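Encoded as structure tokens, the structure appears first; notes follow it.
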Amino acid sequence: MSNEKNISLSGLAKRLISDGNIEEADIQEATNAAHSQKIPLVTYLVQNNQINSTLLAQTAADEFGTPIVDLSALDSETFPKELISESLIRKHRALPLFKRGNRLFIAVSDPTNLQAIDEIKFNTGLTTETIVTEEDALQRAIEAFLDQQDTTFDDMGDADLDDLDIEGGTPKEEEKDNEADDAPIVRFVNKILLDAIKSGASDIHFEPYEKAYRVRFRTDGILRETARPPVNLAAKLAARLKVMARLDISERRIPQDGRIKLKLSKTRAIDFRVNTLPTLFGEKVVLRILDPDSAKLGIDALGYEDVQKQLFLDALDQPQGMILVTGPTGSGKTVSLYTGLNILNTPERNISTAEDPVEINLEGINQVNVNPKVGFDFGLALRSFLRQDPDIVMVGEIRDLETGEIAIKAAQTGHLVLSTLHTNSAPETLTRLRNMGVPSFNIATSVSLIIAQRLARRLCKHCKTIADIPNESLLAEGFAEDELDSLSLYKAVGCEKCSSGYKGRVGIYEVMKITDKIARIIMEEGNAIHIADAAREEGFNDLRASGLEKARQGVTSLEEVNRVTTGH
């Protein structure tokens, strides 16, 4: 954490001191840490077990003269839906309870968060009043409330499917008689899009074959078939999707790229990145679902262990250096980078990103689409950034020596640089840069942190059950003998609320700080094995160790850890 001046104490903090519940030095440290992590003070105090959540709620209610509520006594089914977006609820930890006329009552654990009240008031147009509740209970209630909202699309009728608010989905006058506008086709495609959003899918595949046509969703990293429309509709489905994405429906010989924006409500819209590909039996169309809320989850939702999270925050707090995020395609690198950028995104900083392509718009950040076809690559974008008085730059990927050298130079001359590489582990990232031709000294003195990551499926909390695994197998997997008696691992079962026993995903991370010892090995031309040994000695968990920790916590299964860390 930075040693900058202390953040001024809130009225709640001063009340806690005067009541003798905490020492002034401790509450000052907590206030600074909460401000650095961009979370409410109450959340920080509860997460770090500094003050009981019940005592905090009572103190806050007394100090500000607000009512206090027991959320467990309320029926969440009666809470107003779609008044506040999911991103605002998560960002401010504010839960809408009920609406009376023009007044909206929200449950919060920290009534000093005036930004939350102002932002919710602005977005809803309603006078917003707070009711205090316990932080622990609030977090559980928010998750339950958002789980219920996932079913919002279940009751959509045919009228809704005919008339979705799709930006750019209106065909030109000369195309209105085109077969792509058949009402059943429109309804079917719209239903597929809504079903994909409801199920939490990341991609939709429309695939034509000689005697069949299938639609598949990638949910929690796994592709599953969801529909088999008649094969003779292949051309109409492709045409409809191309109309929605503003592509040329008459061009079927070459791939095309486009975008669809689907407005779900006044406060929430989903973008789809669309790519068409000519195959033997027609055009395959793949849609990548780009949900802006995924970039605003906050660092606590990503799955970092406490030590790893602090290493990441400390690196973000540095005025210069390079943070590299590495892993295969689909491992969540973009979300990690966007989470870091959101933490850094303040009015005092100039932030620019070069991406291929820009997936999610981030307000307050200058995002640039690179276009290699016209010579506008990452290297050129990065050189341009350095002439625009930047504080922080993000390069979508370091692909070549030129980009690597410019990024290294930027990191050495007072800029914080974030980027990605496609390597399997943190130590391999350093040797990859060296193999590109970046001098070892420059790597050792500019790279400050490397995060290698994978995404594992979360066990469904409703149906997971204890797994019976022999001790010999546990020892072979890497667990210690002295923990076997107290070890409880879980396995996937499957129920009506999940997909094959899993729901959602969690990150598994290897977070490696470039210490003096590791820097020395880099400059001595040490290989990835030497660097990995040093990282272990410095106390940094590799991906395997982090995965086993997630299994110990009951977050995921040993089988899933093996799938994402060993490929078995």
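A few remarks follow.
- Taking 0.36 nm per residue of sequence separation and removing the Cα-Cα distance, the residue 224/residue 254 pair yields an extension gain of 8.1 nm.
- Placing dummy labels 7 Å off each Cα toward the beta-carbon, the span from residue 461 to residue 25 is 3.7 nm.
- These residues, 520, 552, go from largest to smallest accessible area, 1.4 Å probe, as 520, 552.
- The fraction of accessible area contributed by carbon and sulfur in the chain is 47 percent, rounded to a whole number (1.4 Å probe; ligands and nucleic acids excluded).
- Residue-by-residue Karplus 3J(HN,Hα) for segment 537-549, coefficients 6.51, -1.76, 1.60, Hz, glycine and proline x: 5, 7, x, 8, 5, 7, 4, 4, 5, 5, x, 4, 5
- Taking each residue as 0.36 nm, the span from residue 482 to residue 361 lengthens on full extension beyond its C-alpha to C-alpha distance by 38.7 nm.
- Beta-bridge orientation, the chain: approximately 65 percent antiparallel, per DSSP, counting only bridges with both partners inside.
- Once all protein chains are placed together, residue 394 keeps about 0 Å² accessible to a 1.4 angstrom probe.
- Compared with the alpha-carbon gap, the fully stretched path from residue 537 to residue 68 is longer by 163.9 nm at 0.36 nm per residue.
- Euclidean distance between Cα centres, segment 195-267 to segment 386-424, Å: 35
- Cα→Cβ-extended label distance, 7 Å offset, between residue 524 and residue 5, nm: 4.5
- Prolate/oblate/rounded label for segment 22-119 (Cα gyration tensor, a/c 1.5): prolate
- Long-range HN-HN contacts of residue 495 with modeled amide H, under 5 Å: 500, 501
- Computed [θ] at 222 nm, helices only, for the chain once each DSSP H run of length n ≥ 4 contributes -39500 (n - 2.57): -11000 deg cm²/dmol
- Nearest-10 value in Å² for the accessible area of residue 100, using the 1.4 Å probe: 130
- Cα-based shape type of segment 187-279, given that a ≥ b ≥ c are square roots of the gyration tensor eigenvalues and the cut on a/c is 1.5: oblate
- Under 5 Å, built H, 5+ apart or other chain: amide partners of residue 504: 458
- Remark: segment 235-243, residue by residue, has Karplus-estimated 3J(HN,Hα) of 5, 5, 5, 5, 5, 4, 5, 6, 4 Hz, where x stands for each Gly or Pro and the curve is 6.51 cos²θ - 1.76 cosθ + 1.60 at θ = phi - 60°.
- Distance between the 7 Å Cα→Cβ label points at residue 306 and residue 122: 3.5 nm.
- For the residues 314, 19, 110, a 1.4 Å probe over the protein chains yields an accessible-area ranking, largest first, of 19, 314, 110.
- Working note: Karplus 6.51/-1.76/1.60 with θ = phi - 60° gives segment 457-471 the couplings 6, 7, 5, 5, 6, 7, 10, 4, 9, 4, 9, 9, 10, x, 4 Hz, where Gly and Pro are set to x.
- Computed with every protein chain present, the accessible area of residue 358 is close to 10 Å² [probe 1.4 Å].
The values are calculated or read from the model by the stated rules, or taken from the named source; none is laboratory data. Note that this is a predicted model, so its numbers are computed, not measured. No Cβ is skipped: glycine too gets one built from the backbone with ideal geometry, and neighbour counts run over all protein chains shown. Surface areas here come from the heavy atoms of the whole protein model, side chains and all, with no ligands, DNA or RNA. Shrake-Rupley method; radii C 1.70, N 1.55, O 1.52, S 1.80 Å.
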